[in-house]
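Visitor: Provided herewith is a single structure, encoded as structure tokens, for subsequent inquiry.
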Amino acid sequence: MSKSLLIIGAGGHGQVVKEVAEALGYDKIAFLDDNSSESIGKIADSQKFVKEYEYAFVGIGNNKFRGELLKRLDQEGFEIPVLIHPSAYISKSALIGKGTVVEAMAIVNANSKIGAGCIISVGAIVDHDVTIEDYCHINSGAICMAGSQIKKKFTKVDAGEVKLCN
């Protein structure tokens, strides 16, 4: 059965999202981007593709812009998936909000809660009992120690950074 995904943003993060989606079996994938020859249209054109693409995902690294676009796609009637690379470890007790991507080799441990529209980058570690607010980015190799909380939307934990318990 065909799974179609429209990705907003064809830049570096959008390309990562595409590869995660391919690993998950999406077989019809296209981009909307205002500045890419790879795209099938502009970002503002998203409503035109609701009947052609069942799922839509925001592949833009800017946390605030990603949040705005995710809300708009949801209002337009797209299904917003959670994309988890097959090599990532996700605890069965973890909760992950729609529009979040968990990239290759990342870990989301027991009882952690990740909000909507987040990026858990390659090799990031979200240990047990961590809470991450909506539209945050845990960058490559960053660690959210057990019990830590990221309470502010749009927060970025930089590559290699360790977020301590509060």
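The values are calculated or read from the model by the stated rules, or taken from the named source; none is laboratory data. The model shown is predicted, which means the values in this text are computed figures rather than measured ones. Neighbour counts are summed over all protein chains in view; Cβ atoms, including those assigned to glycine, are modelled from backbone coordinates with ideal geometry. Accessible surface is based on the protein model in full, side chains and every heavy atom, while ligands, DNA and RNA are left aside. Shrake-Rupley method; radii C 1.70, N 1.55, O 1.52, S 1.80 Å.
Visitor: Once phi is turned into θ = phi - 60°, what whole-Hz ³J(HN,Hα) does the Karplus curve with 6.51, -1.76 and 1.60 give for every residue of the stretch 99-107, x standing for Gly and Pro?
Guide: For the stretch 99-107, the Karplus-derived couplings read x, 9, 10, 10, 7, 3, 6, 7, 10 Hz, x marking Gly and Pro.
Visitor: For a quick check of understanding: with a 1.4 angstrom probe and all protein chains in place, what accessible area in square angstrom does residue 72 have, to the nearest ten?
Guide: Answer for residue 72: close to 80 Å² accessible.
Visitor: Kindly provide the trypsin sites (Lys or Arg not before Pro) of the stretch 1-54 that DSSP labels as loop, not H, G, I, E or B, and whose Cβ sees at most 16 other Cβ atoms within 10 Å.
Guide: Working: sites: 3, 18, 28, 42, 48, 51; in loops: 3, 42, 51.
Within the stretch 1-54, the qualifying trypsin sites (Lys or Arg not before Pro) (loop, at most 16 other Cβ atoms within 10 Å) are 3, 42, 51.
Visitor: Under the rule of -39500 (n - 2.57) per DSSP H run of 4 or more residues, summed and divided by the residues of the chain, what mean residue ellipticity at 222 nm is obtained, to the nearest 500 deg cm²/dmol? Provide the component values of the computation, followed by the final result.
Guide: On the way: 2 runs with 26 residues, N = 166.
Here the helix-only value at 222 nm equals -5000 deg cm²/dmol.
Visitor: Which lysines have a Cα less than 19 Å from the Cα of residue 51, not counting those fewer than 8 places away in the same chain?
Guide: Straight-distance partners of residue 51: 3, 28, 42, 71.
Visitor: How large is the accessible surface per residue of the chain, computed with a 1.4 Å probe and reported in Å² as a whole number?
Guide: Details: 7850 Å² over 166 residues.
Ligands and nucleic acids excluded, the figure is 47 Å² per residue.
Visitor: Here is a follow-up. State, to one decimal in nm, how far the label point of residue 62 lies from the label point of residue 104, with both points 7 Å from Cα in the Cβ direction.
Guide: Roughly 2.8 nm, to one decimal.
Visitor: So, with +1 on the Cβ of K and R and -1 on the Cβ of D and E, and no other charges, what is the size of the charge dipole of the chain about its Cα centre, to the nearest 20 debye?
Guide: Working: 18 positive and 20 negative charges, 83 e Å.
Using Cβ point charges on Lys, Arg, Asp and Glu, the chain gives about 400 debye.
Visitor: Let me ask another. Could you work out which residue, out of 44, 88, 23, moves most in a Gaussian network model of the chain, that is, has the largest mean-square fluctuation with Cα springs under 10 Å?
Guide: Maximum fluctuation in the GNM of the chain, among the listed residues, is at 44.
Visitor: Let me ask something else. When only Cα pairs under 8 Å and 6 or more residues apart are kept, what is the percent relative contact order across the stretch 87-166?
Guide: On the way: 255 pairs, mean separation 18.0, N = 80.
RCO, the stretch 87-166: 23 percent.
Visitor: List the residues, sorted by chain then number, that are 5 or more residues from residue 84 or on another chain and whose placed amide H is less than 5 Å from its amide H.
Guide: 102
Visitor: Then there's this: Please list, in order along the stretch 36-42, the HN-Hα scalar couplings obtained from phi with the Karplus expression 6.51 cos²θ - 1.76 cosθ + 1.60 (θ = phi - 60°), rounded to whole Hz, x for Gly and Pro.
Guide: Values per residue, Gly and Pro as x: 9, 6, 6, 7, 9, x, 8 Hz.
Visitor: Another question, if that's okay. Let me check against my output: what whole-number percent is the relative contact order of the stretch 1-115, with C-alpha pairs under 8 Å and at least 6 apart?
Guide: Numbers: 220 pairs, mean separation 27.4, N = 115.
Dividing the mean separation by the residue count of the stretch 1-115 yields 24 percent.
Visitor: Something else now. Have a look at 87, 55, 118 and report the one farthest towards the positive end of the charge dipole of the chain, computed about the Cα centre with Cβ charges (Lys/Arg +1, Asp/Glu -1).
Guide: 118
Visitor: For the chain, what % of the accessible area comes from carbon and sulfur atoms, probe 1.4 Å?
Guide: Numbers: 4050 of 7850 Å².
Carbon and sulfur together cover 52 percent of it.
Visitor: Would the stretch 83-166 count as rounded, prolate or oblate if I go by the C-alpha gyration tensor, calling it rounded below 1.5 in a/c and otherwise prolate when a/b exceeds b/c, oblate otherwise? Don't skip to the end; give the middle numbers.
Guide: Working: a/c = 1.18, a/b = 1.17, b/c = 1.02.
Judged from the Cα gyration tensor, the stretch 83-166 comes out rounded (a/c under 1.5).
Visitor: Could you run the Karplus curve 6.51 cos²θ - 1.76 cosθ + 1.60 with θ = phi - 60° over the stretch 119-135 and give me ³J(HN,Hα) per residue in whole Hz, x for Gly and Pro?
Guide: Karplus values, whole Hz, x for Gly and Pro: 10, 10, 6, 3, x, 6, 10, 10, 6, 5, 6, 9, 10, 10, 5, 4, 6.
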